[in-house]
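Notes for the one structure printed next.
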Amino acid sequence: MNANRKHLSAMSLAALALAASAGLARADAIMGAPVFAPPGLSTATIEFRGSSAGYTGELYFLGWGTEDDILHHAENTRHNNLGQWLFNNHSSAVGAQAVLDGMFDSGAVLHFAYEIIHPRNRRDLFRTDREADANNFAWDSATGSFAVEDLRRDYKHYDGDFNDAIFTINFQRVPAPGSLALLSLSGIVLARRRKR
């Protein structure tokens, strides 16, 4: 991972601070940071929080694996090889939620794609598994805030505001089968003791 993905530029920090003041993105989100699954086995939901974009874009869940590789591909719901379609930043309702396809091991990296679909002359695709695109996404592991910037840094109108599509990712831990059996067994023992 290069140094540019580890540190925000002063311009990006200012843009995130501005977005945070608008109540959308968080100033402590890290541009280009991978979305890691927490310790233990988990599932995840993602919620659409809003958008202040002129361009229309769609978020997809590609799958999970390592920082640079997708080892488990999500179901291809739109037959475009982008995995599970999640949201459109202009037509999805704020507060809409989706369950991500899969169960994620400790440290698995979740990968997303954001496709600009309108205006047609600005069509573009950003993917978290491509280093050149990773800085178009910002992640705050403490709050689950996940934000998208829909312009490339070399575009003359780049604003770096990360308010073009904003989401919250929540992980839910899945109990291990052994712990469920142990919990059931302890419940049976307690029930028998109460009957005596």
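The values are calculated or read from the model by the stated rules, or taken from the named source; none is laboratory data. Not measured: the values here are computed from a predicted model. So basically every Cβ, Gly included, is an ideal-geometry build from the backbone, and we count neighbours across all protein chains shown.
Identification of strands (runs of 3 or more DSSP E) wholly contained in the range 30-91 with 3 or more residues that are in contact (Cβ under 8 Å) with a residue 12 or more places away in the chain and closer than 25 Å to THR143 by Cβ yields 42-50, 56-65, 84-88. Of everything in the range 107-161 that is part of a helix (DSSP H, G or I) and under 17 Å from the mean Cα position of the chain (by Cα), the residue that is surrounded by the fewest Cβ atoms within 10 Å (Cβ to Cβ) is GLU131.
Just checking, does the range 163-179 include any residue being modelled with pLDDT of 95 or more, closer than 30 Å to LEU59 by Cβ and in a loop (DSSP other than H, G, I, E, B)? Yes, the range 163-179 contains a residue that is modelled with pLDDT of 95 or more, closer than 30 Å to LEU59 by Cβ and in a loop (DSSP other than H, G, I, E, B).
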